[in-house]
Every structure is written in structure tokens, then in C-alpha cells.
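The values are calculated or read from the model by the stated rules, or taken from the named source; none is laboratory data. Note that the structure is predicted; figures quoted are calculated from it, not measured. Note: ideal-geometry Cβ built from the backbone for every residue, glycine included; neighbour counts use all protein chains shown. Accessible surface areas use protein heavy atoms only, side chains included; no ligands, DNA or RNA. Shrake-Rupley method; radii C 1.70, N 1.55, O 1.52, S 1.80 Å.
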Amino acid sequence: MNKDWIPKNHEQLYDQATQSITYLTTPNITRMGLKGFQSWITETLQPTYATLKTAFDDWKNPSQRTTLKTTILVDAEKSFKAIYRRLYVGILKENPLVTNADLVAMGLPERNDGERHDADIPKTSPAASVKLPGPAIVEIHFRDSSVDNASRAKPAGVHGAEICWILSKTPPLKWEELSHSSFDTASPFRLTFEGDQRGERLYYALRWENSRGEKGPWSEIQDAVVP
């Protein structure tokens, strides 16, 4: 029962992801009561899957496979897995209009209707810090702010963190000005920029999200320079 439902094998993960994405047609989205998530599906889920597909297609031929292609695929898988977990755990699994037949058709586990795990709305914001592992790369490390600095654990009932960010010459005054949004279930969250963006200032903030998609308070807006 505790086995992760996301395959570790590259081919199996890609096949399952494709099965899920293919099922999310407009009629199925409407029938399952997911119209409120339509923009998230088209603007976040589908582009993240498209990046995964491109990386997988570039990697899948063994005769042309390189270490760099494998690294790119692994990074694409990490980004997709975070979004994929949110789709299943935070959107589909708790929706009464989504049947077990729908879940099976998407290649996802059936829900156990006798198993309830009501998570509280997060009350704290993540503690965050930045590391700069290489040129044009920024890693945002986050953890439970209520525990000691050595821990990277999430609070009980938390599924992951929403990370919003922007490159800007002037400090944003409101969280709504952080125009880019991503989701990650495990620290760190990595941003890779273009070479001509080096030296620009990155502003970011995070908030916890539970398994039902309910969000906690934002952290303070912090900043770092793209190396």
C-alpha cells in the first residue's frame, strides 16, 4: 500500500504519463468536474509533460544516448513528477466525480474509499534559502520553518510547496507580481536560466500546499542574483 505509484523506470513513467494526459480530453475534463482546473492543465500540466516528452524522445534511442541526455531527462522527470502528484493527489483522488474507472483509464491507482486522510490547512510558511551550484542555475532549498535548521522535512499533511518567482529590476511589492508559478514535493527546487539572464535579480516566495490543494501563508519575498 505504501509503494510509490509513480514508476522509477523511464519508459514506464513516460507511458503512464502519456496515458494520463491522453485521457484528459475536454469532454472528460467537463464530465469529471475539472473545468476549474482547465487553465492549470493547459498552462502547467501539459507544458511540463511536453518537456518530458521532448527529453524522452531525445533519450530513447540507445545508440544516441549520452550522459547529458540522461541528465536532461531526469530533470524533466523531476519537474513532471511534482505536477503529476498534484494532479492525482490534490485534484483527482478526492474528487467524487472522478470514478475509479477514470483513474484506471489514466493509469493511476484506484482510491480506497475506506481510507481518509484529512490534512489541515498549512499554518506556517516554508523557510527557504538559495544555493548556486553552477552558471545560470539557482536552487531554492525549503524546509519546515517550525523545526531545526538541519531538517528539510515538510509539516504534517503537507504535499509540497508552491514556488512563485520573477526576474525583475525592481523589487515586487506583492506576491501577485511573482508571475511564474511551479510546484515541488521535495527540496531543492531548481531553476535553470539562459546565459543572457546571468546577473539578473531573482525574486521568489513559497507557500505550503496540502494533499487537497489547500494553501498556507506565503513566505516573505526573498531575492538572489542569477550566477
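Give the stretch 1-13 a look and list any residue that's open to solvent by less than 30 Å² (accessible area, probe 1.4 Å) and in a helix (DSSP H, G or I), or say none.
Filtering the stretch 1-13 down to residues open to solvent by less than 30 Å² (accessible area, probe 1.4 Å) leaves 6-7, 13.
Answer for the stretch 1-13, where residues must be open to solvent by less than 30 Å² (accessible area, probe 1.4 Å) and in a helix (DSSP H, G or I): just 13.
Which of the residues belonging to the stretch 157-187 are of a type in the set (Val, Ile, Thr), in a loop (DSSP other than H, G, I, E, B) and surrounded by 14 or more Cβ atoms within 10 Å (Cβ to Cβ)?
In the first step, residues of the stretch 157-187 are kept if they are of a type in the set (Val, Ile, Thr); the result is 158, 163, 166, 170, 185.
Within this subset, residues satisfying the condition of being in a loop (DSSP other than H, G, I, E, B) are 170, 185.
185 - this is the single residue of the stretch 157-187 that is of a type in the set (Val, Ile, Thr), in a loop (DSSP other than H, G, I, E, B) and surrounded by 14 or more Cβ atoms within 10 Å (Cβ to Cβ).
For residues that are in a loop (DSSP other than H, G, I, E, B), at pLDDT 90 or above and open to solvent by 60 Å² or more (accessible area, probe 1.4 Å), tally how many sit in the stretch 107-143.
2
Does residue 43 count as of a type in the set (Asp, Glu), part of a loop (DSSP other than H, G, I, E, B) and open to solvent by 50 Å² or more (accessible area, probe 1.4 Å)? Before the answer, list the steps.
Numbers: of a type in the set (Asp, Glu): yes; part of a loop (DSSP other than H, G, I, E, B): no; open to solvent by 50 Å² or more (accessible area, probe 1.4 Å): yes.
Taking the combined requirement at face value, the residue does not satisfy it.
Among (1) touching a Leu at 6+ places or on another chain (Cβ under 9 Å); (2) open to solvent by 20 Å² or more (accessible area, probe 1.4 Å); (3) in contact (Cβ under 8 Å) with a residue 40 or more places away in the chain, where does residue 92 come up short?
(2)
Quick one: would you say residue 146 is open to solvent by 70 Å² or more (accessible area, probe 1.4 Å) and in contact (Cβ under 8 Å) with a residue 12 or more places away in the chain?
Values: open to solvent by 70 Å² or more (accessible area, probe 1.4 Å): yes; in contact (Cβ under 8 Å) with a residue 12 or more places away in the chain: yes.
Against the criterion (open to solvent by 70 Å² or more (accessible area, probe 1.4 Å) and in contact (Cβ under 8 Å) with a residue 12 or more places away in the chain), residue 146 qualifies.
Scanning the stretch 214-227 for residues that are of a type in the set (D, E, K, R) and assigned to a loop (DSSP other than H, G, I, E, B), which turns out surrounded by the fewest Cβ atoms within 10 Å (Cβ to Cβ)?
Keep residues of the stretch 214-227 that are of a type in the set (D, E, K, R), which gives 214-215, 220, 223.
If we keep only those that are assigned to a loop (DSSP other than H, G, I, E, B) as well, we get 214, 220.
Numbers: 214: 15, 220: 9.
Only one residue tops the list, namely 220.
Hey, among the residues in the stretch 188-213 that are among the acidic types (Asp, Glu) and open to solvent by 20 Å² or more (accessible area, probe 1.4 Å), which one's farthest from the chain's Cα centre (by Cα)? Outline the logic, then answer.
The first filter runs over the stretch 188-213 and keeps only residues among the acidic types (Asp, Glu), leaving 194, 196, 200, 209.
Next, from what is left, pick out any that are open to solvent by 20 Å² or more (accessible area, probe 1.4 Å): 194, 196, 200.
Details: 194: 21, 196: 26, 200: 24 Å.
It comes out as 196.
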